[in-house]
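Novice: Supplied in structure tokens, the structure appears directly below.
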Amino acid sequence: MLLGALEAGGTKMVCAVGDETGAIHNQISIPTETPEITIPKLIVYFKQYPIEALGIASFGPVDLNPASPTYGYITTTPKPGWGNYNLKGAFEKELRIPIGFDTDVNGSALGEQTFGCMKGIDCGIYLTVGTGIGMGVIANGHLLHGMLHSEAGHILLSKHPEDTFAGKCPFHPNCLEGLAAGPAIEARWGRKAVELKDDKKVWELEAYYLAQALVDYILVLSPQKIVLGGGVMHQLQLFPLIRAKVKELLNGYIKTKELADIDNYIVPASLNDDQGIMGCLQLAVLACK
Ligand code: ADP
Ligand code: ZN
């Protein structure tokens with residue numbers, strides 16, 4: 001079955017055509033400008049192929065409630081032109097095929113659950129640490145939505161006693177995203193995260209914040225696996241630091257076989273950065289059911 005996949009990001013739109021096995025046959029990337037400029041280009045791309053369904057995983061916040069009049073909309077983003085924009089509807093009108101719609105991070109979580117390291121797992125989380133921090137949640141086998149969708153990048157943390165950085169989030173002085181996303185690392189240390197590779201204290205502080213967040217997610221959601229993706233997580237030296245700090249903070253309170261094998265519990269994304277677009281293929285599959 002030929003399927004379309006769209007990973008709608010704040011800076012770029014990744015579009016692909018593939019199939020239900022997760023195979024990607026063709027892929028392009030288009031910069032995200034205003035909807036008037038960008039959407040017609042995406043439609044031209046997808047109209048070239050006889051796709052039977054489309055899966056969209058979008059930056060947000062988005063409305064995921066099928067009963068809502070604004071289902072399929074990007075809602076309150078400050079990004080010019082995209083606030084209150086009917087993204088799903090724009091494609092439905094032109095393509096007239098089933099369309100699956102979810103958040104960008106839920107897309108990646110679904111990609112990992114369907115094709116990657118969360119196969120066979122029915123409660124798991126995918127956290128991206130990039131320009132922002134976001135989390136996709138699989139709960140009892142399905143993507144978790146709820147009132148809105150997870151906004152786990154904005155959970156509040158205890159500041160490190162020696163960290164004088166004010167935080168980058170305009171809403172919260174001490175949220176995870178404001179203290180630990182890529183732009184926070186760059187603002188705190190005055191250099192891009194990738195250039196700080198060999199600076200041990202940078203990654204120890206980063207692990208301090210990420211581990212606090214993971215402990216909260218573990219205690220609340222009881223995930224069977226935690227997948228960490230996004231640009232910042234390419235710094236693989238973070239993984240042992242995060243795992244050690246998580247163990248230290250849990251302090252033996254939770255004893256499970258998963259935590260006993262923490263190297264296979266807190267893991268990097270497994271699909272070569274295709275987890276998002278592959279998840280979109282699965283969103284398209286699910287839209288046909
Ligand atoms: P986005 O979140 O915009 O979709 P990314 O996941 O690539 O895209 O995140 C971009 C952020 O990640 C930037 O702040 C960048 O500095 C940081 N980043 C990208 N690649 C790396 C890397 N290899 N090591 C550390 N940080 C990185
Ligand atoms: Zn915040």
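The values are calculated or read from the model by the stated rules, or taken from the named source; none is laboratory data. Source: prediction; values computed, not measured. Heads up, the Cβs are rebuilt from the backbone with ideal geometry, glycines too, and the neighbour counts pull from every protein chain shown. Quick note on the areas: whole protein, heavy atoms, side chains included, nothing else; ligands and nucleic acids left out. Shrake-Rupley method; radii C 1.70, N 1.55, O 1.52, S 1.80 Å.
Novice: Can you tell me the accessible area per residue over the range 120-268, all protein chains present, probe 1.4 angstrom, in square angstrom?
Specialist: 50 Å²
Novice: Another question, if that's okay. Most mobile of Tyr71, Tyr217, Tyr49 per a Gaussian network model of the chain (Cα springs, under 10 Å)?
Specialist: The residue with the greatest mean-square fluctuation here is Tyr49.
Novice: Also, quick follow-up: Probe of 1.4 angstrom, ligands and nucleic acids ignored: what's the accessible area per residue over the range 2-50, in square angstrom?
Specialist: 45 Å²
Novice: Based on the mean of other Cβ atoms within 10 Å per residue, sort peptides 244-252, 168-176 so the most packed one is first.
Specialist: 168-176, 244-252
Novice: Kindly write out, for the range 256-264 in residue order, the coupling ³J(HN,Hα) from the Karplus curve 6.51 cos²θ - 1.76 cosθ + 1.60 (θ = phi - 60°), rounded to whole Hz, with x marking Gly and Pro.
Specialist: Taking θ as phi minus 60°, the curve returns 9, 5, 5, 5, 5, 10, 5, 5, 9 Hz for the range 256-264.
Novice: If you take every DSSP beta bridge whose two residues both sit in the range 120-268, what share of them, in percent to the nearest 5, is antiparallel?
Specialist: 55 percent
Novice: What is the distance in Å between the Cα centres of the range 217-289 and the range 59-119?
Specialist: Each part's Cα centre sits 22 Å from the other's.
Novice: Cross-link list Lys168/Lys200; Lys47/Lys93; Lys41/Lys289: which exceed 18 angstrom alpha carbon to alpha carbon?
Specialist: Going by Cα-Cα distance, Lys168/Lys200; Lys41/Lys289 fall outside the 18 Å limit.
Novice: At a 1.4 Å probe radius, carbon and sulfur cover how many percent of the accessible area of the chain? Intermediate results must be reported in sequence, preceding the final value.
Specialist: Values: 7220 of 13190 Å².
Of all accessible area on the chain, carbon and sulfur atoms account for 55 percent.
Novice: For a quick protection proxy, order the peptides 131-140, 149-158 by their average other-Cβ count within 10 Å, most packed first.
Specialist: Per-residue mean Cβ counts within 10 Å order the peptides as 131-140, 149-158.
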